[in-house]
1. Mind checking which of Val569, Val585, Pro389 is farthest towards the positive end of the chain's charge dipole, using Cβ charges of +1 (Lys, Arg) and -1 (Asp, Glu) about the Cα centre?
2. List the aspartates and glutamates whose Cα lies under 18 Å from the Cα of Lys95, skipping any in the same chain that are fewer than 8 positions away.
3. Using Cα pairs under 8 angstrom and six or more residues apart, how large is the relative contact order of segment 345-483, in percent?
4. Given an 8 Å cut-off on Cα distances and at least 6 residues of separation, report the relative contact order of segment 424-527 as a percent.
5. Translational diffusion coefficient of segment 295-409 at 25 °C, 0.890 mPa s, Stokes-Einstein with Kirkwood Rh over Cα pairs, in µm²/s as a whole number.
6. Where only protein heavy atoms count, and the probe is 1.4 Å, what is the accessible area per residue for segment 189-246 in Å²?
7. Can you check what the Kirkwood hydrodynamic radius comes to for segment 72-166, Cα pairs only, in Å to one decimal?
8. May I ask you to work out the translational diffusion coefficient for segment 365-437 at 10 °C, viscosity 1.306 mPa s, via Stokes-Einstein with Rh from the Kirkwood sum over Cα pairs, reported in whole µm²/s?
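The values are calculated or read from the model by the stated rules, or taken from the named source; none is laboratory data. Keep in mind the model is a prediction, meaning the values are calculated, not measured. Cβ placement follows ideal geometry from the backbone for every residue including glycine, while neighbour counts extend to all protein chains displayed. Keep in mind that these areas ignore ligands, DNA and RNA; they rest on the heavy atoms of the full protein, side chains included. Shrake-Rupley method; radii C 1.70, N 1.55, O 1.52, S 1.80 Å.
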Amino acid sequence: MTLRCAAGFRRRLAHGLAGAGLLALLACGSPAARAQSSLDPSALPPGNDLNGPIGFEADQVSYAYDPEIVTASGNVVLRRGDQSVRADTVTWDRKTGKIMAQGNIRLVDADGNQLYTDTVELTDQLKAGAMQNLLLALRDGGRLAAITGERDPAGNIILSHATYSGCAVEDEQGCPRNPTWQVNASRVVYAPDERTIRFSGARLRLFGVTLMPLPKLAIASDGRPINGLLIPDLQLTANNGVAVSDTWYQRLGPNQDLAVTGYLFSEALPMVAAHYRALVDDGAFQITGYATRSRRISVSGSSVGGAQANDFRGYLHANGRFQFSPEWSLTGSLRLATDRTFLRRYDINRDDRLRSTFDLQRIGDTSYFSFSGWATQTMRVAARQGLIPVALPVLDWRKRLADPVLGGRLELQANSLAITRTSGQDTQRAFARAQWDLSRLTPWGQEVTFTAMTRGDIYHSAQNDMTNAFYPGRSGWQGRAMAIGAVDVRWPLVGAAFGGNQVLTPRLQLVASPPIRNLAVPNEDSRAIDLEDSNLFALNRFPGYDRVEDLVRLTYGFDWELQRPGLRVRSTLGQSVRVGSQATVVPDGTGLSDRMSDIVGRTEVRFRDKVKLTWRYRLDKDNLAVRRNEIDATIGTERSYVEMGYLRLNRDISSIEDLRDREELRAAGRFAFARYWSVFGATLINLTDRQEDPLNTANGFQPLRTRLGLAYNDDCLELALTWRRDYVATGDAGRGNTFQIHFALRNLGFR
């Protein structure tokens, strides 16, 4: 049977009937009906009183005394609470208590679901009996059609030769259309007490072709998740062979559920995963775990525990957020894996580090407090886990004084940090800071900002000889004090240009500080320094707190913005110069080590919603060689687009592991055709050669990952076939091809 609109109400269905839940109206109990002719809708019983009296309205009401039959005709409406029945004609036999509705019938239940049929027999409690040629439009968008329907003695609604689909049955012009998929069943039972629809003899029909049977298929009529199996997932992987997985979903309560997934592999032992999530009074959390046994190959290429040994392997991920009051909150995340290649081998993720954190915060109107900590498990091949720090505790307190101080804003900060390593340097740090800012506008339109900052630090470190020679500092107790003053001047100039409006903002900044004892203290959080447009005018171009720029420097540049209808261009360009010839702690190749810095800039172009281009660059001050070249471009629409990304860092740095040069190309795109079909793909290529990075094993062109696929996506179906190739092997996460089929049906919870 083909799902279609029933005669007489096709047009109204096409105008957007939608929702979740099934006809409680067909099964609700009630005392005897109370008929009211020509009743104004506003006078009908309000609210959701499902046991209240039944009111009705009609254009005309007649009564035959001898057979005791009441006939209402012309736009008849029967209503009780949020339930209603509309029909052309309704007859009520007072002797038998049966109500017969005919012509353009629409029944609406308390959940917002709508039933359309040609004829329906009701009792005086508005319970449905026999129905002919019916269509049920669920509030969540699903549609259920049947040739006949009736009510059994238990109160269930029995539908014969029924069809269900989550697809629309009409196009935008109101013309009938065959759904992409539908479920045909010989018998469908709706249990009103359970609000569940169960199918018997169900088979899936896709693109007009009958496919697999769906035994014991059931859906909830009120939109709630329902317990049961999901559609299996199928993959052909490079590491584990054929992979078949299926998930059992279990709703544990209105605020919690559990999904357990089993994996079968042709070339590996089975794996099980579980995902639990809950919503509690103060917040929400979720826990995900994977577990299996398999032969593990270390990142060095040798088998662990022998060629035939199968070790326990798994992954645990938990995170949550709790809001105890408007000010106090707690967030946390836990990520642990048994080894460095498990996540890649089983295609869970490709993260190169797993960070576990917690953060207890209090945010007030003028204050901030944080008590946090974090630990990291490295997934990198060459990294030593013993050198990875654990930070606990990390304390940070800030207070902005409500009243101005000397006309400006004063902010106070206190911070402490303890870092430990199992096989490396340990560091403890604490500091107190006060910063004063004052902004003023001159009569000529310049914005002038004065800043004064003072800070005192105290450090203690041990085992300093076990860290990189650039970072250890002096062992034992060390202290330092610093003071920084700055003046920042901006001068926005507005005018017309190129058929639009432009804003040119020259900017000049002067920063001064006495010499600071940077090398006396360890460097834990200020290692990856690089001159960029984002930190050009920062008070301290080092990230973190352990390193601070000193002496005197002058920074100059400009921001420029042009806006036209559909077009916006923004650009930033700048450079800094250090006064004096004293040595600096900034490493060579960062663009900041010499008196004159490199030139940095950024340009953004947006044309309507079709083009977005961002170019970030750094030019060598001596010969204008490109030291940083980063381009990101997106061209197209939501359905068809191309994304390109190119990065080259040519900083001539070979001695610092945090600042290694690299070159890479990223590309992705999607091309839509035939309305619902599209092809998509993505690639990541490492272009770094040994001249740029002596430690790199690539020879200037090394594809890392490539993906290509074909997809179909309409209002009710997602179908995709994807091929992916990994070119780099790490331990037992080998290179090779992976094929995956993605299949999702609207309203059935299929993946």
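1. So the residue furthest toward the plus end is Val585.
2. Lys95 reaches Asp66, Glu68, Glu121, Asp124.
3. Once normalised by length, the contact order is 15 percent.
4. Once normalised by length, the contact order is 26 percent.
5. Details: Rh = 17.5 Å.
Translational D for this selection: 140 µm²/s.
6. Numbers: 2880 Å² over 58 residues.
That works out to 50 Å² for each residue.
7. The Cα-based Kirkwood calculation yields 13.5 Å.
8. Answer from the Stokes-Einstein relation: 109 µm²/s.
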